[in-house]
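Read the structure below first, then the notes.
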Amino acid sequence: MLKNNCFFVACLACFLPIVANAYTNRNTAVIQVMNKAAGKTQTLNIPVGQEVVFEKLAIVVRACKQSDPFKAENFYAFVEISKSGEGTKIYGNWMDRNNPGKNPVQNPDYDAWLVKCE
(Lines give C-alpha, C1' and ligand atoms only; values in the text may rest on other atoms or scores of the structure.)
Protein backbone atom coordinates (compact mmCIF):
# COMPACT_ATOMS: atom_id res chain seq x y z
CA MET A 1 0.00 0.00 0.00
CA LEU A 2 2.86 2.38 0.82
CA LYS A 3 4.40 1.79 -2.60
CA ASN A 4 1.12 2.75 -4.29
CA ASN A 5 0.86 5.95 -2.25
CA CYS A 6 4.41 7.00 -3.14
CA PHE A 7 3.74 6.27 -6.80
CA PHE A 8 0.53 8.32 -6.66
CA VAL A 9 2.29 11.29 -5.02
CA ALA A 10 5.12 11.14 -7.56
CA CYS A 11 2.67 11.07 -10.48
CA LEU A 12 0.61 13.89 -8.99
CA ALA A 13 3.71 16.06 -8.63
CA CYS A 14 4.43 15.63 -12.35
CA PHE A 15 1.01 16.93 -13.36
CA LEU A 16 0.66 19.85 -10.98
CA PRO A 17 1.46 23.18 -12.57
CA ILE A 18 4.74 24.58 -11.40
CA VAL A 19 4.09 27.82 -9.59
CA ALA A 20 7.21 29.90 -9.28
CA ASN A 21 7.61 33.59 -8.82
CA ALA A 22 10.64 34.08 -10.96
CA TYR A 23 12.07 37.55 -10.59
CA THR A 24 15.16 38.86 -12.29
CA ASN A 25 17.22 41.46 -10.47
CA ARG A 26 17.97 44.49 -12.61
CA ASN A 27 20.66 47.13 -12.11
CA THR A 28 18.78 50.31 -13.00
CA ALA A 29 15.32 51.71 -12.27
CA VAL A 30 13.68 54.10 -14.69
CA ILE A 31 11.53 56.45 -12.62
CA GLN A 32 9.50 59.44 -13.71
CA VAL A 33 9.20 62.35 -11.31
CA MET A 34 6.78 65.21 -11.73
CA ASN A 35 7.11 68.63 -10.14
CA LYS A 36 3.43 69.48 -9.63
CA ALA A 37 3.92 73.25 -9.27
CA ALA A 38 6.03 73.62 -12.41
CA GLY A 39 4.12 70.96 -14.32
CA LYS A 40 7.34 69.38 -15.58
CA THR A 41 8.21 65.72 -15.73
CA GLN A 42 11.69 64.20 -15.74
CA THR A 43 12.71 60.62 -16.48
CA LEU A 44 15.54 59.43 -14.23
CA ASN A 45 17.74 56.35 -14.71
CA ILE A 46 18.78 55.43 -11.19
CA PRO A 47 21.36 52.69 -10.59
CA VAL A 48 20.47 50.36 -7.71
CA GLY A 49 22.21 51.46 -4.52
CA GLN A 50 23.11 54.98 -5.68
CA GLU A 51 21.53 58.28 -4.70
CA VAL A 52 20.24 60.61 -7.41
CA VAL A 53 19.22 64.18 -6.64
CA PHE A 54 16.34 65.72 -8.57
CA GLU A 55 15.50 69.30 -7.60
CA LYS A 56 14.69 69.05 -3.85
CA LEU A 57 14.53 65.24 -3.77
CA ALA A 58 17.15 62.60 -3.00
CA ILE A 59 16.13 59.24 -4.49
CA VAL A 60 17.71 55.86 -3.72
CA VAL A 61 16.62 52.60 -5.35
CA ARG A 62 17.42 49.64 -3.10
CA ALA A 63 16.16 46.89 -5.45
CA CYS A 64 14.67 46.65 -8.93
CA LYS A 65 13.07 43.42 -10.11
CA GLN A 66 11.41 42.22 -13.28
CA SER A 67 8.78 39.52 -13.24
CA ASP A 68 8.90 36.58 -15.63
CA PRO A 69 8.80 38.18 -19.11
CA PHE A 70 6.92 35.16 -20.49
CA LYS A 71 3.95 35.92 -18.24
CA ALA A 72 2.29 39.27 -17.54
CA GLU A 73 5.45 41.36 -17.34
CA ASN A 74 5.78 43.70 -14.40
CA PHE A 75 8.49 45.64 -12.62
CA TYR A 76 8.96 46.30 -8.89
CA ALA A 77 11.39 48.63 -7.18
CA PHE A 78 12.05 49.41 -3.54
CA VAL A 79 12.55 53.16 -3.50
CA GLU A 80 13.43 55.64 -0.75
CA ILE A 81 12.78 59.33 -1.36
CA SER A 82 13.77 62.10 1.03
CA LYS A 83 14.16 65.85 0.95
CA SER A 84 17.62 66.64 -0.35
CA GLY A 85 19.86 68.12 2.35
CA GLU A 86 17.29 67.61 5.13
CA GLY A 87 17.05 63.84 5.16
CA THR A 88 13.31 63.98 5.89
CA LYS A 89 11.88 60.79 4.42
CA ILE A 90 8.96 61.32 2.06
CA TYR A 91 8.61 57.75 0.80
CA GLY A 92 10.05 54.32 1.47
CA ASN A 93 8.23 51.37 -0.09
CA TRP A 94 7.87 49.10 -3.09
CA MET A 95 6.67 50.66 -6.34
CA ASP A 96 4.69 48.46 -8.71
CA ARG A 97 4.74 49.54 -12.34
CA ASN A 98 1.40 47.89 -13.18
CA ASN A 99 -0.30 49.24 -10.06
CA PRO A 100 1.15 52.71 -9.34
CA GLY A 101 -1.71 53.69 -7.02
CA LYS A 102 -1.00 50.82 -4.61
CA ASN A 103 1.83 52.61 -2.76
CA PRO A 104 1.74 56.19 -4.02
CA VAL A 105 4.28 58.88 -3.23
CA GLN A 106 2.19 61.21 -1.09
CA ASN A 107 3.78 64.61 -1.37
CA PRO A 108 2.16 67.97 -2.20
CA ASP A 109 5.06 68.99 -4.47
CA TYR A 110 6.07 65.81 -6.33
CA ASP A 111 4.72 62.63 -7.86
CA ALA A 112 6.96 59.69 -8.76
CA TRP A 113 6.29 56.37 -10.44
CA LEU A 114 8.21 53.40 -11.75
CA VAL A 115 8.46 53.02 -15.53
CA LYS A 116 10.65 49.89 -15.73
CA CYS A 117 13.78 48.15 -14.55
CA GLU A 118 16.75 47.69 -16.85
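Across region 81-118, the number of residues qualifying as part of a strand (DSSP E or B), loosely packed, with under 13 Cβ neighbours inside 10 Å and under 12 Å from the mean Cα position of the chain (by Cα) comes to 0.
The single condition among (1) within 23 Å of Asn25 (Cα to Cα); (2) in contact (Cβ under 8 Å) with a residue 12 or more places away in the chain; (3) acidic (Asp, Glu) that Glu55 does not meet is (1).
Return the residue satisfying two criteria in turn: it lies in region 37-78 and is more than 18 Å from Met95 (Cβ to Cβ) and charged (D, E, K, R), and of such residues it is modelled with the lowest pLDDT.
Checking each candidate, the answer is Lys71.
The values are calculated or read from the model by the stated rules, or taken from the named source; none is laboratory data. What you see is a predicted model, and the numbers here were worked out from it, not measured in a lab. Cβ: placed from backbone, ideal geometry, glycine included. Neighbour counts: every protein chain shown.
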